[in-house]
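Okay, so here's the structure we're looking at.
Derivation of every value follows stated rules applied to the coordinates shown; laboratory data play no part. Treat the numbers as computed from the prediction; the structure is a model and nothing was measured. Reconstructed Cβ throughout: ideal geometry from the backbone, glycine too, with neighbour counts over all protein chains shown.
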Amino acid sequence: MATRWHQSKRFRLAAGGALLLLVGLLLIPFLVPVDRFRPAIIELLEQETGRKFEIESISLHLLPKLRLQVVNLRVKNPQGFPEGDTLVIERIDLGVPLGPLLRRQVQVESLSLRGVTLNLLEDQRGRSNTDLGKVQRAAAQEKAAPEEKPLFSLSRVDAVELRDLSFTTGTFHSRRKRVQPSYAVSGISVVLRRVDLSDPQWQQKLEAEVELGGVEISAPSLKQPLRFANGHVKVKGRSAESRFTLTLGPMHAHGQVKIANLQKPRADFTIVIQELNVAELSALVVGGKQGPKSSRSSGRAQRRLLARGTVQVDKVVMEQFTAENVKGTVRLYTHKLTVDPLEVDFYGGRVEGSLSTDLEKESLPSTLTVTVQGVDVAKLASAAQQGAESKVTGTFDADISLKTALGADPLAALTGQGNFSVRDGMLKGFKLEGKRAAMASLLQIEVPSGDTPFRLFAGDLRIQQQRVHSRKVSLDADAMQGELSGSFGFDGTLDYRGTGVLGGGGGEQAQPQDQPTEEPPRSRNPLAALGRAFGKVMRQTVGRMRVPISVTGTFAQPRFRLAGVPEPVEQAQDQTQATQPEPPPDQRKSLLNLFKRRP
């Protein structure tokens, strides 16, 4: 009977050898006590970097491939910084060849890191806790024996993977023994290539790719973190560039960033936002917690430029008002944000100026200086009245200096001062109300009515408590000139008082006596006949009248009233005209007394 193949002696020897090999492989992690290398590896790392290291454990694994696993590696902060860690890595997997390992040498071919946390600190003198202590490293290398072979070799690594990378930034105040946090980033995944630590210029040759999808950026001034919907970063040498889409609450932004020198990072960026709602954004901004005192003790290291670039917002919504095509050159410092120049399309006109925001105070106080040109008053007033038609038209210009708090309600906190003018406008449906206005018209004083054009409406302004106040506003219209003081509100309400000069009939020639005049029917109001009689005298004697007026109501429904007793305006009579006899004083006084009755 033939022997089956699996019962043959040759097969049994081969199977036994494979089993012994498998058992040997499984026993290697126990036969090779790699953890005994841990003190030597720590000593080597400290010599190379001049920093203190801690490693919890080192173990050897064969599956799925031969690798060393380092658990809980910590790099401590240098002297002059608070106690703690500069770098923490929860797990490191190092691909190592077996031959050098059996000769008690560790050579790394691949590297994978998980749970990496980097804490970046800078003191008031500009020193960083990431400095590698070059002096200490050189001194340590001098003590090393030249013929001694290193136990640990980390030279060229084809690829390094970092998963779940996060880092924080802050400023250490040595006198106060306190760290002031700046911002934090989490959720980064990085792949590094061409890592060759034996090359002194390895940092300049380094290549890296960073995935931004899911990355979050937190800051003391934000209630919610910035989140990246997608994007990537490419690093080559000392430079980096990125394209991304990020969100903050309902806001979505697309942008790109470039950093020329990663050793002294300063970002140059371009950001485009389709729509920005100021109220919604302000609800997410809470400002810093350090208060105004921290700005005096923050130190020089904190006051530096972090980023600069351009921001474009297609539409900005602030309460009932909107602006379009907002463009600005932005500079972000560690203590403030500036936008200069700033350009905005606003209701048919143009706004140009500059903005500065203090990032060190909780309320985020901001200063805005603007020049306004060509804003359509009717469109602006209609927006204030939520779509109601405005009864005032014209072109608005202004030079204004404003202050507000972006960390609170920007409109409620808005204050400012400056000058304004409205040119070539119309008072639609203009009508002086009240019995005094009717009496002035009856006495043939030129009272404007209907659509009344004006050439100029200008004066000073002061913004406070959501109203625009003016000490003196001049009006130059076809049938009236005046000076007013008062205010209008952001809600469109009007409240002005002043005096106006109305045209009269003074200087008009009397009608020829041979021209027939039509007698009014007796059924008409007797006051009309009295007015016509008095009007003949008023046309010859009174001329123009100065009358107190008030403007109330809203932009959509303004109310103009005569608010007091008219007074004649003294006029120089033309010497070529025949002088008319003055009426007796009692008669002239009686004419003016007609206006003293209450409306």
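With r defined as the distance between the Cβ atoms of ASP424 and LEU262 and R0 fixed at 60 Å, what FRET efficiency is calculated, to the nearest 0.05?
On the way: r = 57 Å, r/R0 = 0.95.
Plugging the Cβ-Cβ distance into 1/(1 + (r/R0)^6) gives 0.60.
Within the stretch 248-389, how many Lys pairs sit with Cα atoms under 21 Å apart, leaving out pairs fewer than 8 places apart on the same chain?
So the count works out to 11.
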